[in-house]
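The values are calculated or read from the model by the stated rules, or taken from the named source; none is laboratory data. All values reported here derive from a predicted model rather than from experimental measurement. Neighbour counts are summed over all protein chains in view; Cβ atoms, including those assigned to glycine, are modelled from backbone coordinates with ideal geometry.
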Amino acid sequence: MSHRQVIIIGSGPAGLTAAIYAARANLNPLVIEGEPSSTSDQPGGQLMLTTEVENFPGFPNGVMGPELMLNMRQQALRFGAEFLTEKVTKVGFGSRPFHIEVRDQQFSADSVIVSTGAQSLMLGLESEKRLLGHGLSTCATCDGFFFRGQEIAVVGGGDSAVEEATFLTKFASKVYLIHRRDELRASKIMQDRALNNPKIEMVWNTVVQELIGDQKLEGAVLRSTVDDSTRTLNVGGLFVAIGHRPNTDLFRGHLEMHDNGYLITKPDSSYTNVDGVFACGDVQDQIYRQAITAAGSGCMAAIDCERWLEANH
């Protein structure tokens, strides 16, 4: 069994930043980065599925998501981090050292940083894979700027959907808010904001049946949940805002989590309920969900981890 001071599970902006800091502190971290075939556990996280990132500081002309992640990975490698491109199959946090299984490989660790991220819930259409990052988006704050002056649509009926639709009116000429029911789930104040916004048009009792476009989104086929009739909505952008799911199944029964699966960390830190296990990035952040905030919390986790190891080993 191979033993490490630190094992980092996940390799998005949070995991890679944690790896850079841990490696520079001579902790020789092992990053178990996930499997390329898995969208929920993809090496590099959600940024590997995006095209241009314009809001990450230090890149005045923007940077491609995969390029940014590759640069972070190479930076971690330069300082001595090691990578294993596999998926963790089992964890044991009940005794020390901690126990990590990767299929038939066994590892032990003095400390663990969990950065497995979250995934946006999608509509389940085949065309989504083709058009994600090409007119189809899951993040208004990331991509809204690209749709200046265009007609676009948001799918969803909760707070996040209404918030995204309202935010997008800063850029778009019109925002259709598509919801499968005849009333929103969003809080009253958010609903009022959307319903009173002249740029937002509600599309009730409707689901997206298909996306139109090969290289770039050109529109969406909408289906009525009342009479099954269909129509085409010509939009240049479509934002899916039906929720997120943190990748925390592996940690059920091991780490404390909210009802929705997000890991609970102690205030102003990355400490979980298990001493020596830290969490950072979207796996514990259900508010901001940005690459830069994930990277910042990865830095916090590595510093927390380094100090904890110093005090306990």
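Brief remarks follow.
- Taking the criterion of being closer than 22 Å to Q106 by Cβ and either at pLDDT below 95 or not in a helix (DSSP H, G or I) (or both), the residues of segment 1-25 that qualify are M1, S2, H3, R4, Q5, V6, I7, I8, I9, G10, S11.
- Test: residue in segment 60-79 that is within 20 Å of V283 (Cα to Cα) and of a type in the set (D, E, K, R): yes
- Residue match in segment 280-293 (condition: under 30 Å from Q150 (Cβ atoms) and in contact with a Leu (Cβ under 9 Å, 6 or more places away or on another chain)): yes
- Flag not set for S297, criterion: part of a loop (DSSP other than H, G, I, E, B) and among the small types (G, A, S).
Yes/no per residue for (1) loosely packed, with under 15 Cβ neighbours inside 10 Å; (2) without any contact (Cβ under 8 Å) to a residue 60 or more places away in the chain; (3) touching a Gly at 6+ places or on another chain (Cβ under 6 Å):
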position	(1), (2), (3)
N197	no, yes, no
A220	no, no, no
N234	yes, no, yes
H254	no, no, no
D282	no, no, yes
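- Neighbours by Cβ (under 6 Å, 6+ apart or cross-chain): first from segment 77-95, in a strand (DSSP E or B); second surrounded by 16 or more Cβ atoms within 10 Å (Cβ to Cβ) and at pLDDT below 95: F83/E33
- The selection criterion, being charged (D, E, K, R) and either on the phi > 0 side of the Ramachandran plot or at pLDDT below 95 (or both), does not hold for D304.
- Checking L184, L211 one by one, the residue that is closer than 15 Å to I152 by Cα and surrounded by 12 or more Cβ atoms within 10 Å (Cβ to Cβ) is L211 and no other.
- Residue among R307, R223 that is basic (K, R) and in contact with a strand residue (DSSP E or B) (Cβ under 8 Å, 6 or more places away or on another chain): R223
- Failed condition for D41, given (1) acidic (D, E); (2) at pLDDT 95 or above; (3) crowded, with 23+ Cβ neighbours inside 10 Å: (2)
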